[in-house]
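A short write-up of the structure that comes next.
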Amino acid sequence: MALAKFSSTDNARRGERGFSLLEVLVASTIMAVALTTLAQMFVMSTNANHGAKTTTYAAVLAQQKMEQLRGLAWGFDTLGLPITDISTNIAKVPEEAAGGTGLAPGGSLGQNVTGYCDYLDKDGNALGTGPSPVTGTVYIRRWSIEPLPTNPNNTVVLQVLVTRLRNRGAADTATGTGRLPDEARIISVKTRKAT
């Protein structure tokens with residue numbers, strides 16, 4: 001039995017052969033799957049970041065309106081009689097001392113009610129109010145003021161919803177309880193306090 005002898009040049013030639021076609025195909029497939037997965041993750045993270053930015057901005061706009069509502073007079077005078085601001089127009093910017101609804105019960109989160117909604121551009125600048133959005137509207141801000149059933153004379157529930165101008169479908173009902181992605185809804189309670 002003869003043993004074949006390989007020289008060091010034969011070993012060097014073997015190392016120079018490179019990869020087989022099968023090895024190249026497997027490596028290419030793994031690389032393609034990895035790059036596709038990374039691209040999908042990039043798209044998902046971009047969409048998530050955009051949604052988070054929009055939701056945060058809507059929350060800031062809702063908080064602004066809530067602060068306006070909470071700043072209106074709702075208390076007692078020096079004689080102990082209730083004081084309620086029902087005339088300040090907070091649907092206009094800057095707010096006006098008369099011509100509005102103040103903290104009068106009303107409004108809806110499910111529809112645009114004059115005196116209880118305003119329209120904003122992409123930068124949050126007020127464009128106006130009324131039952132229909134005006135040109136340039138990007139955000140609709142709606143609010144409602146409801147007496148608390150257990151203490152209707154002294155406590156009101158304040159709600160603010162900020163949504164983008166779009167068809168909200170079933171979320172726009174008479175109660176307006178639905179909240180879609182990229183929207184903000186804030187609820188607060190205001191109780192009369194002696195001034």
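Where a number appears in this text, it was derived from the coordinates with a stated rule and is not lab data. This one's a predicted model, so the numbers in the text were calculated from it and none came from an experiment. FYI the Cβ positions are ideal-geometry reconstructions off the backbone, even for glycines, and counts take in every protein chain you see.
Quick one: helix 21-71 against the long Cα principal axis of the chain, what's the angle to the nearest 10°, folded into 0 to 90? That works out to roughly 10 degrees. The H on the amide N of Val113, modeled in the peptide plane, is under 5 Å from the matching H of Ser108, each at least 5 residues off or on a different chain. Note on the chain: helix-only mean residue ellipticity at 222 nm, from DSSP H runs of 4+ residues weighted -39500 (n - 2.57) and normalised by residue number, equals -11000 deg cm²/dmol. Taking 27 Å as the straight-line reach from the Cα of Lys65, the lysines in range (excluding those fewer than 8 positions away in the same chain) are Lys53, Lys92, Lys122, Lys190, Lys193.
Between Asp182, Asp77, Asp172, the Gaussian network model of the chain with springs among Cα atoms under 10 angstrom shows the greatest mean-square fluctuation at Asp77.
The mean sequence separation of alpha-carbon pairs under 8 Å and at least six residues apart, normalised by the residue count of segment 42-194, gives a relative contact order of 25 percent. Ranking of Arg164, Arg70 by neighbouring Cβ atoms within 10 Å, starting from the fewest: Arg70, Arg164. Does segment 42-194 come out rounded, prolate or oblate by the C-alpha gyration tensor, with a ≥ b ≥ c the root eigenvalues, rounded set by a/c under 1.5 and, if not, prolate when a/b is larger than b/c and oblate if not? Prolate, because a/c is 1.5 or more and a/b exceeds b/c.
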